[in-house]
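The values are calculated or read from the model by the stated rules, or taken from the named source; none is laboratory data. Small disclaimer: the values here were computed from a predicted structure and weren't measured. Positions of Cβ are backbone-derived with ideal geometry, glycine not excepted, and every protein chain shown enters the neighbour counts.
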């Protein structure tokens, strides 16, 4: 599924200054955001509610950085895989949760969602500019409100950091 132009504009506008707030983007796109006591194996899910609205549920028992990344991950599914959500009503095989053979979601969908989530939370232009000023992954992670591990992965993906 292709993202609609207005959705791209909304996401880009929110990416202009870190830290990006995925909850706010979801809200502006008309997607409800909620935290819930989910099983430990489940970080989050996106589903279609009975009223036709989309809902993102994020595990309330996880830390704030993980919840932010999960919200961005679910936002990515909304933008990229809405056709699967519409077809199946929900998508909940996320972040290493138990694999369900009947789940319509593939590893490729998860990789796509993780990649877009990282791009939303840690935009290349902002990362590159900050890296040139202060190439410290720990400091950058704090500025972008992501985990140091997520920042290091993003820096490696952008070929700015190699250890």
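For the reader, a short list of remarks on this structure follows.
- Qualifying position, being farther than 21 Å from residue 162 by Cα, crowded, with 22+ Cβ neighbours inside 10 Å, in the same structural domain as residue 16 (by TED's automatic domain parsing) and modelled with pLDDT under 90, among 75, 91: 91
- Cross-chain or 6+ apart pairs with Cβ under 6 Å, the range 110-137 first and assigned by TED's automatic domain parsing to the domain that holds residue 45, then assigned to a helix (DSSP H, G or I) and surrounded by fewer than 19 Cβ atoms within 10 Å (Cβ to Cβ): 112/80
- Unique match (being over 16 Å from residue 69 (Cα atoms), modelled with pLDDT of 90 or more and either surrounded by 14 or more Cβ atoms within 10 Å (Cβ to Cβ) or more than 15 Å from the chain's Cα centre (by Cα) (or both)) among 129, 141, 118, 98: 129
- Of the residues in the range 17-33, at least one is more than 14 Å from residue 120 (Cβ to Cβ), at pLDDT 90 or above, surrounded by fewer than 17 Cβ atoms within 10 Å (Cβ to Cβ) and within 15 Å of the chain's Cα centre (by Cα).
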